[in-house]
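These notes are about the structure you will find just below.
The values are calculated or read from the model by the stated rules, or taken from the named source; none is laboratory data. All of these numbers come straight from a predicted model, not from anything done at the bench. Counting neighbours? That spans all protein chains shown, and the Cβs are built from the backbone with ideal geometry, glycine included.
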Amino acid sequence: MTIHSNFSLKKYNTFGIEAKAKQFVAAHSTEDLKTILQQHASEPKFILGGGSNMLLTQDIKALVIHVDLKGKKILKEDEDFVWVESMAGENWHEFVLWTIDQNFGGLENMSLIPGNVGTTPVQNIGAYGTEIKDTFVSCEAINSVTQEMKTFTKEECRFGYRESIFKHEVKDQFIITSVVFKLTKRNHHINISYGDITKELEKEGVITPTLKDVSNAVIAIRQSKLPDPKELGNSGSFFKNPIIPKEAYEKIKALHPEMPHYVVSETDVKVPAGWLIEKAGFKGKRFGDAGIHKNQALVLVNYGNATGQEILNVSKNIQATILKEFGIAIEAEVNVI
Ligand code: EPU
C-alpha cells in the first residue's frame, strides 16, 4: 500500500472541491484496513468512501483512508428471497443495476444515487419512497481503535430519516466494510407510489412495471432534476427536509396553501426544503462558482472552481433567509468538513 503525501482530493469528492489530504492511502481489503489502523494507531485518521456526501472546506490534516474494498456475493437464498453481500467500496448504482439484472427486487427505487455501498447505512439513503432500511439486514464494520470486526444488525443501526447510529453514538469509531441486503426473487414489491414515478411510467406507456422499468423511470427522473456530479460538482440534497410541528406548518400554510407537505406523525409535518429555497428566490442563482441548481433547489453546485468555504457561505445564506422568511431552521444533510 502506498501512502501519498499532500494528496489532492478533487477527484475523490463529488463536489469536485480542491482540498489536500496530509496523507492518503487506499485500502483494498479488510486486512489492508487492519494493517493501516495498526501502523498508524496514534495518528488522526479520516475515512473516505465515495465522497458523495461531504463538503470539504479545508485541507484534511490527517491520514485519509479510502475504503476501496470490492466484491459482491450471494450469501444464501430460498424460493422467495436472496441475501446479497456487497463490499463497502462497490459503487452503489452499479450494485443496484447488478441486482436488477439478477431480477432481485428492493433497491430499484434507489437507482443512480451517487456514492459507495459502504456509506449507504450511515445516512440511511433513500429516494422515491424507499430507504436502505427496508432491505438492509446487517453490516460488518471494523473498530478503528481495536481493529475488531463487529456485525451491526438493522435494529442496532437505529435507522431514521437520513439517520443512523453511525452519525451519533458510534460516530467515527467504525469503518463499514460490507453490507447485506435481503432482496426479493419473486412477488416483488413494486413501489411506484411516488407521484413522479407514476407519471414517468405513464409517459413510457408501461402498465405492469418490472424492476428494470422502475429503475429506468427513476434514472430518467433523477437525470432530469439532479445534476450529474461528473458534469457539475454536487452532493445531492445539501439539506434535509425539515420536520416541523403541525402548528408551525398551519401558519405557513395559511400564507402558502400550495406548499407540498407530508404528515409524518400526529404532531409533525415534513416540508420540502427545495420548495422553501425556491420560494425564497434562490433556485438557479449563482454566486461566483457556487450556486443553487436550476432544476432542484435542494442541490448546491460547484461550477468549477468554487471553494468549500464559498459553497458553505451560500448554504448559510440560504439557512438564514429560510429562518427569517419561514421561521424554519433547515439542517445540512452533507457532512461539512
Ligand atoms: N420542490 C420545489 N422546488 C424545488 C425542489 C423541490 O418546489 O426546487 C418541491 C417539488 O415540487 C415537490 C417537493 O418539493 O413537491 C419534493 O421534491 P422532490 O420530489 O424533488 O424531492 P425532495 O424532497 O426535494 C428528496 C430527497 C432526495 C430524493 C427525492 C426523491 C431529501 C433531503 N432528499 O428530495 O434525495 O432523491 O426526495 O425521493 O430527503 C439526496 O438525499 O441526495 C437526494 C437527492
State the number of residues belonging to the stretch 74-129 that are of a type in the set (S, T, N, Q), part of a loop (DSSP other than H, G, I, E, B), in contact (Cβ under 8 Å) with a residue 60 or more places away in the chain and more than 16 Å from the ligand (Cβ to nearest atom). 1
Only one of Leu55, Leu69 is closer than 24 Å to Asn302 by Cβ and touching a residue at least 60 places away in the same chain (Cβ under 8 Å), namely Leu55
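Within the bounds of the stretch 200-213, is there any residue that is among the basic types (Lys, Arg) and at pLDDT below 95?
So the first thing to find is which residues in the stretch 200-213 are among the basic types (Lys, Arg), and the list is 203, 212.
Imposing the further condition that a residue be at pLDDT below 95 reduces the set to 203.
Yes, the stretch 200-213 contains at least one residue that is among the basic types (Lys, Arg) and at pLDDT below 95.
Among residues belonging to the stretch 233-255 that are of a type outside the set (D, E, K, R) and more than 17 Å from the chain's Cα centre (by Cα), point out the one that is nearest to Leu97 (Cα to Cα). Step through it out loud before you land on a result.
Start the filter on the stretch 233-255 by keeping residues that are of a type outside the set (D, E, K, R), which leaves 233-239, 241-245, 248-249, 252, 254-255.
Okay, now just the ones that are also more than 17 Å from the chain's Cα centre (by Cα), so 243-245, 248-249, 252, 254-255.
On the way: Ile243: 32, Ile244: 36, Pro245: 39, Ala248: 41, Tyr249: 39, Ile252: 41, Ala254: 44, Leu255: 44 Å.
By that ranking, first place goes to Ile243.
So for the stretch 271-278 (the condition being closer than 19 Å to Gly236 by Cβ, of a type in the set (Gly, Ala, Ser), surrounded by fewer than 20 Cβ atoms within 10 Å (Cβ to Cβ) and within 14 Å of the ligand (Cβ to nearest atom)), does at least one residue qualify?
First pass over the stretch 271-278, keeping only residues closer than 19 Å to Gly236 by Cβ: 271-278.
Then drop every residue that is not of a type in the set (Gly, Ala, Ser), which leaves 273-274.
Next, from what is left, pick out any that are surrounded by fewer than 20 Cβ atoms within 10 Å (Cβ to Cβ): none.
No.
Name the one entry in Ser52, Ser86, Ser111, Ser42 that is modelled with pLDDT under 95, touching a helix residue (DSSP H, G or I) at 6+ places or on another chain (Cβ under 9 Å) and either in the same structural domain as Glu131 (by TED's automatic domain parsing) or of a type in the set (Gly, Ala, Ser) (or both). Full working, then the answer.
Values: Ser86 fails: modelled with pLDDT under 95; Ser111 fails: modelled with pLDDT under 95; Ser42 fails: touching a helix residue (DSSP H, G or I) at 6+ places or on another chain (Cβ under 9 Å).
Unique residue meeting the criteria: Ser52.
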Determine whether Ile244 is within 24 Å of Glu163 (Cα to Cα), free of Cβ contacts under 8 Å to residues at least 60 places away in the same chain and either β-branched (Val, Ile, Thr) or not in a loop (DSSP other than H, G, I, E, B) (or both). no
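Taking the stretch 99-156 as the search range and keeping residues that are touching a Pro at 6+ places or on another chain (Cβ under 8 Å) and closer than 30 Å to Gln39 by Cα, which one is surrounded by the fewest Cβ atoms within 10 Å (Cβ to Cβ)? Quick ask: steps written out before the conclusion?
Looking only at the stretch 99-156, we keep the residues that are touching a Pro at 6+ places or on another chain (Cβ under 8 Å), and these are 114, 132, 136, 139, 152.
Those still in the list that are closer than 30 Å to Gln39 by Cα too: 139, 152.
Details: Cys139: 29, Phe152: 21.
Per the criteria, the residue is Phe152.
Among the residues of the stretch 282-290, is there at least one that is within 13 Å of the ligand (Cβ to nearest atom), closer than 26 Å to Lys167 by Cα and touching a residue at least 12 places away in the same chain (Cβ under 8 Å)? Spell out the reasoning first.
First, the residues of the stretch 282-290 that are within 13 Å of the ligand (Cβ to nearest atom): 282-285.
With closer than 26 Å to Lys167 by Cα added as a condition, the list becomes none.
There is no residue in the stretch 282-290 that is within 13 Å of the ligand (Cβ to nearest atom), closer than 26 Å to Lys167 by Cα and touching a residue at least 12 places away in the same chain (Cβ under 8 Å).
Here is a yes/no grid of residues against (1) within 12 Å of the ligand (Cβ to nearest atom); (2) among the polar types (S, T, N, Q):
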site	(1), (2)
Ser178	no, yes
Arg186	no, no
Glu204	no, no
Ile221	yes, no
Leu226	yes, no
Lys253	no, no
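Which members of the stretch 54-73 meet the condition of being farther than 27 Å from Ile100 by Cα and either over 20 Å from the mean Cα position of the chain (by Cα) or part of a strand (DSSP E or B) (or both)?
Of the residues in the stretch 54-73, the ones farther than 27 Å from Ile100 by Cα are 54-66.
Within the stretch 54-73, Met54, Leu55, Gln58, Asp59, Ile60, Lys61, Ala62, Leu63, Val64, Ile65, His66 meet the criteria.
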Residue satisfying all of: in the stretch 151-165; outside any strand (DSSP E or B) and within 16 Å of the ligand (Cβ to nearest atom); nearest to Val264 (Cα to Cα) among these: Tyr161
Being over 24 Å from Ala26 (Cβ atoms), outside the structural domain of Gln102 (by TED's automatic domain parsing) and exposed (fewer than 15 other Cβ atoms within 10 Å of the Cβ) narrows it down to one residue among His168, His189; which is it? His189
For Tyr262, the lone unmet condition from (1) touching a residue at least 24 places away in the same chain (Cβ under 8 Å); (2) among the hydroxyl-bearing types (Ser, Thr, Tyr); (3) assigned by TED's automatic domain parsing to the domain that holds Ile318; (4) within 14 Å of the ligand (Cβ to nearest atom) is (1)
Identify, from the list Ile243, Ile330, Ile322, the residue that is at pLDDT 95 or above, more than 9 Å from the ligand (Cβ to nearest atom) and in contact with a Pro (Cβ under 7 Å, 6 or more places away or on another chain). Ile330
